[in-house]
Every structure is written in structure tokens, then in C-alpha cells.
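**Student:** Shown below is the structure under consideration.
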Amino acid sequence: MPKKESAGKTIKVTLVRSPIGYTKDQKETAKALGLRRLHQTVEHQDTPALRGMIRKIIHLVQVEE
């Protein structure tokens, strides 16, 4: 049986601190989330993978559900 696509929850992630001075993997995580500039907000589907990425750079971002 195919899985049903549900609307699902979305999460808004805003970059509030610069990743300059942090490790390369934290900079790349911010970039992978689509965050290029300070105070830029992106919206993503709420998934465990996304939660893990956010947890890695929680000190740089603000999260709204």
C-alpha cells in the first residue's frame, strides 16, 4: 500500500547569528538548510533529519513551529 502524503507540519528557521568563527560542518549545515544571510527565514517540512540539522546549529538559529 502506498503511503499517503499528508500536509504535515512545517518549521520556520531563521538565522540569527553568523556562522563565521564556527566549525566548517556548522557552516555547511546552515547552508544546507538554505540559510545564506542573517535574518533570512526558510520554511521546511518537519522531519527527524531536519530536527537533527537544527539541533546541530541551534545556537545560530531561531525556530518557529
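Values quoted throughout were computed directly from the atomic coordinates according to the rules given, and no laboratory measurement underlies them. Predicted model, so just to flag it, every value in this text is computed and none were measured. Counting neighbours? That spans all protein chains shown, and the Cβs are built from the backbone with ideal geometry, glycine included.
**Student:** Evaluate the charge dipole of the chain about its Cα centre and quote only its size in Debye, nearest 20, assuming +1 on the Cβ of each Lys and Arg and -1 on the Cβ of each Asp and Glu.
**Tutor:** So the dipole magnitude of the chain works out to roughly 180 debye.
**Student:** I would also like to ask the following. Between Ile11 and Arg37, with labels modelled 7 Å along Cα→Cβ, what's the label distance in nm to one decimal, could you check?
**Tutor:** Result: 2.4 nm between the two label points.
**Student:** Can you find, among Gln40, Gly21, Met53, the residue sitting farthest towards the positive end of the charge dipole of the chain, where Lys and Arg contribute +1 and Asp and Glu -1 at Cβ?
**Tutor:** Gly21
**Student:** I want the local charge near Asp25. Using Cβ-Cβ distances under 11 Å, sum +1 for each Lys or Arg and -1 for each Asp or Glu among the other residues.
**Tutor:** +3
**Student:** Around Gln40, which amide H atoms from residues at least 5 apart in sequence, or from another chain, sit under 5 Å from its own amide H, with H modelled in the peptide plane?
**Tutor:** Hits under the 5 Å cutoff: Leu15.
**Student:** Here's another thing I want to ask about it. Kindly write out, for the range 50-59 in residue order, the coupling ³J(HN,Hα) from the Karplus curve 6.51 cos²θ - 1.76 cosθ + 1.60 (θ = phi - 60°), rounded to whole Hz, with x marking Gly and Pro.
**Tutor:** 3J(HN,Hα) across the range 50-59, in whole Hz: 5, 4, x, 5, 5, 4, 5, 10, 4, 6.
**Student:** Further question: Go through the range 25-40 residue by residue and turn each phi into a ³J(HN,Hα) via Karplus (6.51, -1.76, 1.60, θ = phi - 60°); whole Hz please, and just put x for glycine and proline.
**Tutor:** Residue by residue, the range 25-40 yields 5, 6, 4, 5, 5, 4, 5, 5, 6, x, 8, 10, 10, 4, 6, 7 Hz.
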